[in-house]
Structures are given as structure tokens and as C-alpha cells.
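**Q** This is the structure I want to talk about, given as C-alpha cells.
Please treat every number below as a calculation from the coordinates, not as lab data. Not measured: the values here are computed from a predicted model. Reconstructed Cβ throughout: ideal geometry from the backbone, glycine too, with neighbour counts over all protein chains shown.
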Amino acid sequence: MADPILNVCGFYKTYGPKVAADGYSLSVDAGRILGLVGPNGAGKTTLISSIVGIQGFDGGSISVCGHDVVAEPVAAKAALAYVPDTPSVYGFMTGMAYLDYVCDVFAVPEAERTARISGLADRLAMADALGSRASSYSHGMQQKLVLMGAFVHDPALLVLDEPFVGLDPVATRTLRAMLREHADRGGAVLFSSHVLEVVERLCDTVAIVADGSIRAQGPIADVMGDESLEDVFMDTLSEAEGEVR
């Protein structure tokens, strides 16, 4: 059996006396989408930030395509794309210049990038905006541009933190399809979301985090059983709160 594209083992992170993540272990195989859900402050962004190399961590290991994110940070980052919860773009660049820059960083061949950018722009209704500076974009348009930058180099792993925030219903539906297609081509996806309906419909596996630990995880049908994901989520939070008390 092939190794997972993303493998997190015993991830441990503290902020002073606060334990933000106490031994998280999860993996995402090729062809799979994992949804990471939990209340605010549960440690979702902490884990994501460490996966993509924004911050260090205090214990455990993380690898992307077999590359340890600490020992081989460049190789690990080259195999993934990251979409933060708030879009971050260079406002002085046009949309096209930004995408060309991303393609340069990830060595997308000139012969391929034009077709890739054109296809993504058509799908996300951005074709008429790419000649304008990103600083003139609305929040939703900036989010679309960041998403285009994530998809344009066809990474093995997509890591997205609340990717649907700011998108209109049409773009939300398009992004769901794009994520599924990416996985079906052999890629892997990890995304966090508070939109439990989307997680329930789109993901193959789910991890529910609360109070610094993973409280439930596995194939989404197994985690849900005969309930909705919302019901399981609320029950899980109630159990976690009861343990704290």
C-alpha cells in the first residue's frame, strides 16, 4: 500500500502554558479529501500552519510526500499548496502577474501555464479581472485569485483553511467540484471548515478536534453513523466540555 501524501504523527504544540495540540495523528492518502472541523481555538489553524511550514511545533512529525517538513522544508513545500483563511496577495501586482509569479516559483513550464491559468480563470469567472491590480479586487475575488494560485501548479497536496469564506454560491459549487477532481486525479486535500454540510457532502474522511485533541476521526460515514455530521459534532463538543468540567 502506498504511503499517505500527508502524514501527521503525534503532533504537539504549545503556546506558553496552553497546549494547543496534544498528540494529533492523522493522514491523507492519494485520492482522498479530509475535512478538519472544530470550534474556534480548537487547534485547526495551528496544525495547518505547521503542515505548511509557517510555524514550528514542539513534538511529533509531519511529512508531505515522504518529505519531513522540518528536515526537508523546501521539498515538502514544493509538493503542496496553501490557501489561508484570509487571502494574502501582492496588491501592487495584477492578477496575471501574481499567477505568473506563482508559476515561476513552482517551475510551471511556459508551455503549460497559459492553458492552466486560462482554464482556472474561466471556471472561477476571473478572466476579465486578471489585468487589474489585486488591490482593486473584492475579498471574494482575492480569494479566487489565491485559489487559482494553489491549483495552477497542480500540487500533490492542497491545504486550505476555511476556503469557502467569501465565495458566492456559484464559486462555492465550483470549488467543491475542483477539490473533488483534484483528489480523483490522485491528489490529496485537507481543508478546515465551519460549513459542516460541505464537509459532509464532499469529504471522504473527517477529524473533529476540540480542546487540543482529536475527538473523532475516520471515514465520514463511520463517524456519522445514523446521525448528521452536525449532530455528531455537537455531541463531541458536549463530551469534551464535560471532560473539562
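**Q** For a label point 7 angstrom out from the Cα of D85 toward its Cβ, which stretches of the range 151-182 have the backbone nitrogen within less than 17 Å?
**A** Flagged as within label range: 159-167.
**Q** Further, regarding this structure: According to the square roots a ≥ b ≥ c of the eigenvalues of the Cα gyration tensor, what is the shape class of the range 1-100, taking rounded for a/c under 1.5, prolate for a/b larger than b/c otherwise, and oblate for the remainder? Spell out each step's value before the answer.
**A** Details: a/c = 1.78, a/b = 1.29, b/c = 1.38.
Oblate.
**Q** Can you give the extra length, in nm with one decimal, that the chain gains between V195 and S238 once fully stretched, where that is 0.36 nm per residue apart less the Cα-Cα distance?
**A** Working: separation 43, 0.36 × 43 = 15.48 nm, distance 1.88 nm.
Working it through step by step, the gained length comes to 13.6 nm.
**Q** Classify the range 88-132 as rounded, prolate or oblate, taking a ≥ b ≥ c as the square roots of the eigenvalues of its Cα gyration tensor: rounded when a/c is under 1.5, otherwise prolate if a/b is larger than b/c and oblate if not.
**A** Details: a/c = 2.15, a/b = 1.09, b/c = 1.97.
Taking the square roots of the gyration eigenvalues as a ≥ b ≥ c, the range 88-132 is oblate.
**Q** About the Cα centre of the chain, what is the dipole size in debye to 20, counting +1 per Lys and Arg Cβ and -1 per Asp and Glu Cβ, all else neutral? Write out the running numbers ahead of the final one.
**A** On the way: 17 positive and 32 negative charges, 148 e Å.
Taking the Cα centre of the chain as origin, the dipole is about 700 debye.
**Q** By per-residue mean of other Cβ atoms within 10 Å, what is the highest-first order of 20-32, 148-160?
**A** Working: 20-32: 19.2, 148-160: 21.8.
The peptides rank, most packed first, as 148-160, 20-32.
**Q** Please work out whether the chain counts as rounded, prolate or oblate from its C-alpha gyration tensor, where a ≥ b ≥ c are the square roots of the eigenvalues and a/c under 1.5 means rounded, while otherwise a/b larger than b/c means prolate and anything else oblate?
**A** Details: a/c = 1.77, a/b = 1.52, b/c = 1.17.
Since a/c reaches 1.5 and a/b is larger than b/c, the shape of the chain is classed as prolate.
**Q** Among all the lysines, which ones have a C-alpha under 21 Å from K13's C-alpha, if same-chain residues fewer than 8 places away are not counted?
**A** K44, K77
**Q** Can you tell me which of Y82, Y90, Y98 moves the most in a GNM of the chain? Springs connect C-alpha atoms under 10 Å apart.
**A** So, out of Y82, Y90, Y98, the one fluctuating most is Y90.
**Q** Here is a follow-up. Between R185 and A221, what is the FRET efficiency for a Förster distance of 22 Å, r being their Cβ-Cβ separation, to the nearest 0.05? Walk me through the numbers before you get to the answer.
**A** Values: r = 23 Å, r/R0 = 1.04.
Efficiency at R0 = 22 Å is approximately 0.45.
**Q** What does a probe at A125 reach in the range 132-168, counting residues whose amide N is under 13 Å from the point 7 Å along Cα→Cβ?
**A** Counting only backbone N, you get 140-141, 144, 167-168.
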